[in-house]
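S.K.: Before anything else, here's the structure in question.
Every number in this text was worked out from the coordinates using simple rules, so none of it is lab data. In this text the structure is predicted, and so the values were computed from the model without any measurement. FYI the Cβ positions are ideal-geometry reconstructions off the backbone, even for glycines, and counts take in every protein chain you see.
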Amino acid sequence: MSGIVVHLPQGSGGADGEPGGEAVTLRLGPGEVARFGRGSSTTPVELRLADEAVSRLAGEIRVTEDHWQLTNHSTTQTYLVENPEGAGEYLRVSPRRAGAPIPFEFSRVVLPTRRGTTVSFQVFAPDHVYLDPPGAGGSWTSRTVTAYSLDETATYFLVLVALCEPWLRDQSPVAVPTTPQVVERLRGHATGGRLTARAVSSHIDYLADEKLRIAVAAGAPEAGAGAADRRNGKRDAVVGLALKFAVVREEHLALLPPRAEAGVRGR
């Protein structure tokens, strides 16, 4: 297992000790722990949730070998873990519950507040591994697993198809679609239509770092043109690998919403 990715959206509180509520992305490997809550000088947390209804130490995330666990340190509040890509599935983590195993590949952890809203953060779970199809033959020890185990119903796969679409339609593109272009392409989709540019970037990071395990050259600065070049390189690498190994194929184009220009030609 390669680990999990935790993403706290901008405006939710940010990293402990950093003002401004900037977005935070953490990568945790097996055995690592991230704490979340309102935090204080004596109660440090990796994910700071800026709401007075949230405990100083509200809970923690722990990564195991094949899943992740959520501990609720609150004595009064129940937390929800939602599956944003399912059919409304969710589970409750009751007060003082320790080490609740979370089964979803993509989760939203939701905490109640006193403002009539909620605060939440997202967790991209450990890579789900699939065995050979039934009837493939061979003993258990001789069977193999899928090299790239992607869920074709997940939003990250929809983003990947949108990135690969120009090549699959043989449009001879000069560049991989940009993040804003992906957002616009998925507009009108039942689930992908609600994606923001930041969410699309998070899905691309997840594809590159966790699902396709692409090593992008390090050393570029994190701001300015260097950061843009690094982001473009990651998108290029994701598309190149997905097409090279047929992770995305022409039949997957049916997952995308109809193209606007096709409707114009039809009229």
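S.K.: With a/c under 1.5 counting as rounded, go ahead and sort the range 26-101 into rounded, prolate or oblate using the C-alpha gyration tensor (a ≥ b ≥ c being the square roots of the eigenvalues; past the cut-off, prolate if a/b is larger than b/c, else oblate).
M.R.: Cα axes put the range 26-101 in the oblate bin.
S.K.: For Phe106, what residues show an amide H to amide H distance below 5 Å, using hydrogens built from the backbone and excluding near sequence neighbours?
M.R.: Close amide H contacts, sequence-distant or interchain: Ala125.
S.K.: List every residue whose amide H lies under 5 Å from the amide H of Phe121, counting only residues 5 or more places away in sequence or on a different chain, with H placed 1.01 Å from N in the peptide plane.
M.R.: For Phe121, the qualifying residues are Val109.
S.K.: Another question, if that's okay. Pull out a ≥ b ≥ c, the square roots of the eigenvalues of the alpha-carbon gyration tensor of the range 48-87, then state rounded if a/c is under 1.5, prolate if not and a/b is larger than b/c, and oblate in the remaining case.
M.R.: In terms of gyration-tensor shape, oblate.
S.K.: Taking R0 as 30 Å, what FRET efficiency do you get between Arg114 and Arg187 from their Cβ-Cβ distance, rounded to the nearest 0.05?
M.R.: Efficiency for this residue pair is about 0.30.
S.K.: Excluding Pro84 itself, calculate the net charge of residues whose Cβ lies under 14 Å from the Cβ of Pro84, where each Lys or Arg counts +1 and each Asp or Glu counts -1.
M.R.: Result for the local shell: -3.
S.K.: Around Phe106, with a cut-off of 9 angstrom between Cβ atoms, what is the net charge of the other residues, counting Lys and Arg +1 and Asp and Glu -1?
M.R.: So the environment of Phe106 carries a net charge of -2.
S.K.: I've got another one for you. What full-extension length gain, to one decimal in nm, is calculated for Thr178 and Ser149 as 0.36 nm per residue of separation minus the Cα-Cα distance?
M.R.: Full extension from Thr178 to Ser149 adds 8.0 nm.
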